[in-house]
Amino acid sequence: MNAILASSEAATKIPKARAVDMKLEVAVIPVADIDRAKNFYYDLGWRVDADFVRDDGSRAVQLTPPGSPSSIHLGENPALFLVVSDIVAARAELAERGVEVTEVFHRGNAGPVGGLAPNRASYGSLASFSDPDGNRWLLQEVTARLPGRVDTNVTTFTSPAELAAAMHRAAVAHGEHETRNGGQRDENWSAWYGEYMVAEQAGEPLPL
């Protein structure tokens, strides 16, 4: 009985407070033929989010099941993606918890390159770690969505930190908007913020 209680308590143990949300967003599944697999999942009604060749020559194919917040990548090496809004802070938090995590890197023409992606481009900066059983995890910094990656009818922020980061980006962009318009204060700034934040998350053209 005590063993059962101990197991139950362990299962419901609440982790220490975290600084950065880490959202399980993508699972890379190994396939022998990418086109065959893509057609199979497309015929199931899954949305094709992306199909392109990266700078290093590898092919990126992503699909999402109907109504799912998570997607799959078709590839050779299994991995799980955790999307974060600040990869530097997320990596530091993992390291503080004793996890052996790589330095931040980005993809180059000849393979991984150390450091943040140029201009800290969304989707560009990565870090990785493995669990004791060898399962590979990739942190990926996403601050603005590409077209077709999300349901454009829904805008969600899953934490105060994520909302605050989106508002900060909107504030910076709005400052540039006011500068382009002669430096006059925009009395309708809240509507502009809303339009910007919704468009950014949906990967739609941003207001100027």
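What follows is calculated from the coordinates using simple rules that are stated; it is not laboratory data. If you're wondering where the values come from, they're calculated on a predicted model, not measured in any experiment. FYI the Cβ positions are ideal-geometry reconstructions off the backbone, even for glycines, and counts take in every protein chain you see.
What number, rounded to the nearest 500 deg cm²/dmol, is the helix-based mean residue ellipticity at 222 nm of the chain, given -39500 (n - 2.57) per DSSP H run of at least four residues and division by all its residues?
-10000 deg cm²/dmol
Along Cα→Cβ, 7 Å out, is where each label goes; now give me the distance between the ones at Glu76 and Val53 in nm to one decimal.
Going from the Glu76 label point to the Val53 one covers 1.5 nm.
Gaussian network model of the chain, Cα springs within a sub-10 Å range: biggest mean-square fluctuation belongs to which of Ile72, Ile29, Ile87?
Its mean-square fluctuation being the largest, the pick is Ile29.
Which value, in debye to the nearest 20, describes the size of the charge dipole of the chain about its Cα centre when Lys and Arg Cβ atoms bear +1, Asp and Glu Cβ atoms bear -1, and nothing else is charged?
Result for the chain is approximately 140 debye, rounded to the nearest 20.
What are the membrane-span-like helices in the chain by this rule: whole DSSP H runs, Cα extent along the axis at least 24 Å, mean Kyte-Doolittle hydropathy at least -0.5?
160-180
Would you look at the GNM of the chain, springs on alpha carbons closer than 10 Å, and say which of Leu74, Leu44, Leu82 moves the most?
Leu44
Write down the percent of antiparallel bridges among all DSSP beta bridges whose residues are both part of the chain, to the nearest 5.
70 percent
Name the residue from Phe157, Gly98, Ala121 whose Cα lies farthest towards the positive end of the charge dipole of the chain, charges +1 on Cβ of Lys and Arg and -1 on Cβ of Asp and Glu.
Gly98
Charges at C-beta only: +1 for Lys and Arg, -1 for Asp and Glu. How large is the resulting dipole of the range 160-202 about its Cα centre, in Debye rounded to 20?
The calculated dipole for the range 160-202 is roughly 80 debye.
Of the candidates Gly175, Gly134, Gly124, which one comes out as most mobile in a Gaussian network treatment of the chain with C-alpha springs shorter than 10 Å?
Highest fluctuation of the listed residues: Gly134.
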